[in-house]
Amino acid sequence: MARILLAVLLLASGMAQSHDQSDVITMYNGDKITGEIRGLDYGALRVKTPYANEFSLEWWQIASIESKYNFEIQTDEGERLYGNVSSSDTSGQLIFTSIEASAVIDLLKITELRPIEDTLADAFTYTLGASLNLEPQLATAQLKATVALATERTKNTGKLTLQESTTRLEKEGGKGYRRSDNPSRMMALDFEHQRWTNRRQFYRTFTGRFDYNESLNNYGRISVGTGLGKYFIDNAGLRFNASLGLQAIGEKNRYTEAVDIPPDSTNIDNRCFYNPTTEIIYEPNYELALEPENLPDKDELAQILDQLEIRECVSRYASSTSLETFASSEFVVYNLTEKDFDVRINTNLYPSITESGRFRADIGAEIAWEMVNDLFLTVSTTTQYDSGKPDDEVTRNEKLDYNIVMGVSWRP
């Protein structure tokens with residue numbers, strides 16, 4: 001009952017007045033900054049003042065905070081508190097007051113802080129990034145965008161990734177490189193909704209994803225899932241959370257079918273060789289993965305060539321649905337110095353339930369270094385794996401796709 005009354009009082013205070021720029025932040029060097037506290041995350045306190053746009057202060061440099069407004073606080077023990085904050089007689093601490101209790105909290109034990117009176121627009125944070133590849137044999141361009149929305153009981157994150165990769169081919173005579181005519185494209189749109197439970201550090205997660213990756217023979221996959229997660233570590237400078245759940249997927253895969261050449265066909269670009277004995281299709285870009293010692297001799301090669309027929313290759317698409325589990329984790333290390341240096345590792349594992357033997361994985365890592373305010377230099381790598389569908393003769397091929405890119409990201 002007390003929590004319901006507290007929520008009503010906080011809502012009423014937020015409706016009655018907007019958050020003006022009267023918060024006072026005192027630094028250890030004695031400087032006092034008066035403005036509006038916009039939020040704390042990953043060791044940076046965002047502040048807006050009358051004389052400057054929003055900027056960040058390093059959390060470890062702050063001695064005290066004074067405000068007449070209500071805040072949501074999360075501690076390194078996973079406790080979530082709602083109430084007022086004020087300065088303490090001891091530097092590095094604040095006094096938290098609610099209708100239920102009053103306590104003194106060390107600033108460095110606070111991992112998140114959000115004004116409850118924020119408007120919906122103020123609750124949004126976002127990042128934008130662009131990267132180019134670091135691999136000599138590939139030309140890769142990548143764009144990323146992330147949007148996050150935090151409310152009193154939820155955390156919502158949306159991510160968009162666009163990528164195009166083209167193989168570099170050596171020019172005749174060895175004079176430089178040229179791009180191939182068949183680029184590979186990848187797209188991923190992710191959404192996750194986390195809702196806090198009544199148990200400390202536990203949350204329910206609801207996920208949705210659309211992804212497309214030609215290198216993995218994925219021509220459109222939609223997945224929707226739900227599960228339970230926990231923040232195992234959430235300290236100043238270190239965060240680790242993981243979740244388990246179930247998800248349903250619907251996907252479309254491409255395969256090639258060799259058909260008889262129509263009598264009136266004049267297009268020779270889609271011609272291929274077909275072996276009716278082995279049912280193997282040799283497309284123009286087919287790569288024969290054989291070691292030199294396993295190559296057939298002259299007579300065997302002549303026999304194989306005699307069996308080949310010229311056909312017309314037609315692309316077909318097969319749609320399917322399945323159910324799989326997911327195990328996801330995020331590990332973040334960030335420092336509390338003047339220039340941020342962050343390391344982030346995301347792991348997603350998808351063992352299939354309905355397709356025996358199928359396993360997918362998506363692993364990503366990123367290192368970000370703040371060059372100037374809000375502008376980061378990034379180096380990231382992504383690896384995606386799909387064992388294929390063992391029981392499907394058409395789309396069972398094992399696939400692996402990876403990239404290493406360097407770029408910049410803007411995190412206002």
With respect to Pro284, determine if the residue is over 30 Å from Leu323 (Cα atoms), touching a helix residue (DSSP H, G or I) at 6+ places or on another chain (Cβ under 7 Å), outside the structural domain of Tyr212 (by TED's automatic domain parsing) and at pLDDT below 75. no
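Evaluate the stretch 109-121: report whether one residue or more is farther than 24 Å from Ala236 by Cα, of a type in the set (A, V, I, L, M, F, W, C), surrounded by 14 or more Cβ atoms within 10 Å (Cβ to Cβ) and modelled with pLDDT of 85 or more.
No, the stretch 109-121 contains no residue that is farther than 24 Å from Ala236 by Cα, of a type in the set (A, V, I, L, M, F, W, C), surrounded by 14 or more Cβ atoms within 10 Å (Cβ to Cβ) and modelled with pLDDT of 85 or more.
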May I ask you to list the residues in the stretch 69-117 that are in a loop (DSSP other than H, G, I, E, B) and of a type in the set (Asp, Glu)? Asp76, Glu77, Glu79, Asp89, Glu100, Glu117
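Of these, Val343, Val372, which one is surrounded by fewer than 15 Cβ atoms within 10 Å (Cβ to Cβ) and free of Cβ contacts under 8 Å to residues at least 12 places away in the same chain?
Val372
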Candidates Phe331, Phe326, filtered to the one that is touching a Lys or Arg at 6+ places or on another chain (Cβ under 8 Å), at pLDDT 90 or above and surrounded by 13 or more Cβ atoms within 10 Å (Cβ to Cβ): Phe331
Can you tell me which residue is nearest to Leu108 (Cα to Cα) among those in the stretch 232-264 that are in contact (Cβ under 8 Å) with a residue 24 or more places away in the chain and acidic (Asp, Glu)? Asp234
Residues that are under 20 Å from Arg153 (Cα atoms), out of contact with any His (no Cβ under 6 Å at 6 or more places or on another chain) and either among the acidic types (Asp, Glu) or in contact (Cβ under 8 Å) with a residue 12 or more places away in the chain (or both): does the stretch 58-71 have at least one? yes
Just to be sure before I move on: is Tyr126 surrounded by fewer than 16 Cβ atoms within 10 Å (Cβ to Cβ) and either at pLDDT below 80 or not basic (Lys, Arg) (or both) in the structure I sent? yes
Tell me which residues, restricted to the stretch 209-239, are assigned to a strand (DSSP E or B) and aliphatic (A, V, I, L, M). Ile222, Val224, Leu228, Ile233, Leu238
Could you list all residues from the stretch 230-252 that are modelled with pLDDT of 95 or more and within 18 Å of the chain's Cα centre (by Cα)? Ala242, Ser243, Leu244, Gly245, Gln247
All but one of (1) at pLDDT below 85; (2) not in a loop (DSSP other than H, G, I, E, B) hold for Gly35; state the number of the condition that does not hold. (1)
What number goes with the only condition from (1) more than 18 Å from the chain's Cα centre (by Cα); (2) on the phi < 0 side of the Ramachandran plot that Asn217 does not pass? (2)
Being surrounded by fewer than 18 Cβ atoms within 10 Å (Cβ to Cβ) and in contact with a Lys or Arg (Cβ under 7 Å, 6 or more places away or on another chain) is true for just one of Glu54, Glu100, Glu36. Which residue is that? Glu54
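The values are calculated or read from the model by the stated rules, or taken from the named source; none is laboratory data. The shown structure was predicted, so the numbers you read here are calculated from the model rather than taken from an experiment. Glycine gets a Cβ as well: all are built from the backbone with ideal geometry, and neighbour counts include every protein chain shown.
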